[in-house]
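None of the figures in this text is laboratory data; all of them are computed from the coordinates on show. This one's a predicted model, so the numbers in the text were calculated from it and none came from an experiment. Cβ atoms come from the backbone with ideal geometry, glycine included; neighbour counts cover every protein chain shown.
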Amino acid sequence: MAGKRGKIFLIGYRATGKSSVGRELARMLGCAFMDLDDEIESRAGATISEIVEKKGWDTFRNLERKALEKAVENKKKMVVACGGGIVLHPELMEKAKKTAVVVWLTAPMDVMKRRIASDSRSATRRPSLTGDDIEKEISKILEQREPLYRQYSHFEIDTFEKGPFQLAREISEAVKYAG
């Protein structure tokens, strides 16, 4: 799995399929799966929205950094679904890129908007980053983060019109050559 590296990190903006594809990929590869948002919520005993509302974005980013550090340091073969802002931790992302295969999942804006709107957990999982409407927010945040997603990933996979199983197969084939 994943060449010599043993781990696969899935990065990308909200609603690009990191969690659903990650679970399927881990199942397919017979390895552990870690969702960093689940890890953060479990450690904090609160949803991401509650963390941000009560303690602010800085507290959330600190918890996110700790969860990423745990995943990077973990020696197990695993698939890790990262939150969209994970690339805001450059020192850990550099280390992740050296110790894992990092895959950037993408989707067109209308697909991300539709997925966010149809996700019943979106309100608790995905607090607004800017206070703007969803389309403006996606545009603003992607403008800032796309260069980082590109910098820290080994390759990019478009998740549009593909299900988790198909994407997991595509990623498992691609990582054979990335490690």
Where is the GNM fluctuation largest for the chain (alpha-carbon springs, 10 angstrom cutoff): Asp38, Asp158, Asp110?
-> Asp110
Tell me, what is the percent relative contact order of the chain, built from C-alpha pairs under 8 Å that lie six or more residues apart?
-> 39 percent
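Tell me the Kirkwood hydrodynamic radius of region 1-90 in angstroms, computed as one over the mean inverse distance between distinct C-alpha pairs. Walk me through the intermediate numbers first.
Values: mean 1/r = 0.0744 Å⁻¹.
Value: 13.4 Å, from the Cα pair sum.
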Met109-Lys140 pseudo-label distance in nm [points 7 Å out on the Cα-to-Cβ vector] | 1.4 nm
Rounded to the nearest 10, the angle in degrees between the Cα long axis of helix 134-152 and the longest principal axis of the Cα atoms of the chain comes to 30 degrees
Going from the fewest other Cβ atoms within 10 Å to the most, one would list Ile141, Ile51, Ile11 as Ile141, Ile51, Ile11
Using alpha carbons only, how many degrees (0 to 90, rounded to 10) separate the axis of helix 109-118 from the longest principal axis of the chain?
-> 70 degrees
Rounded to whole angstrom, the alpha-carbon centroid of region 135-158 lies from that of region 32-59 at a distance of 22 Å
Starting from the Cα of Lys95, draw a straight line to each of the lysines and keep only those under 27 Å, dropping any in the same chain fewer than 8 residues away.
-> Lys4, Lys7, Lys18, Lys66, Lys70, Lys75, Lys76, Lys77, Lys140, Lys176
Amide H contacts of Ile157 (H built 1.01 Å from N, under 5 Å, at least 5 apart or other chain) = Trp104, Leu105, Thr106
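If you place +1 on the Cβ of every Lys and Arg, -1 on the Cβ of every Asp and Glu, and leave all else neutral, what size is the dipole of region 7-178 about its Cα centre, to the nearest 20 Debye?
Dipole of region 7-178, to the nearest 20 debye: 600 debye.
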Cα axis of helix 164-178 to longest principal axis of the chain: angle in degrees, 0 to 90, nearest 10?
-> 60 degrees
Check the straight Cα-Cα distances from Lys55 and name the aspartates and glutamates below 15 Å, setting aside those fewer than 8 residues away within the same chain.
-> Glu41, Glu64
Label Lys76 and Arg27 with points 7 Å out from Cα along Cα→Cβ: what is the distance between them in nm?
-> 1.8 nm
Return the long-range amide H neighbours of Phe33 (sequence gap of 5 or more, or a different chain), with a cut-off of under 5 Å between placed amide H atoms.
-> Val79
Length gained if Ala174 through Leu129 is fully extended, taking 0.36 nm per residue and subtracting the Cα-Cα distance, is 13.0 nm
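List Leu129, Leu68 from most exposed to least, where exposure is judged by having the fewest other Cβ atoms within 10 Å. Could you put the intermediate results ahead of the total?
Numbers: Leu129 16, Leu68 24.
With the sparsest Cβ surroundings first, the list reads Leu129, Leu68.
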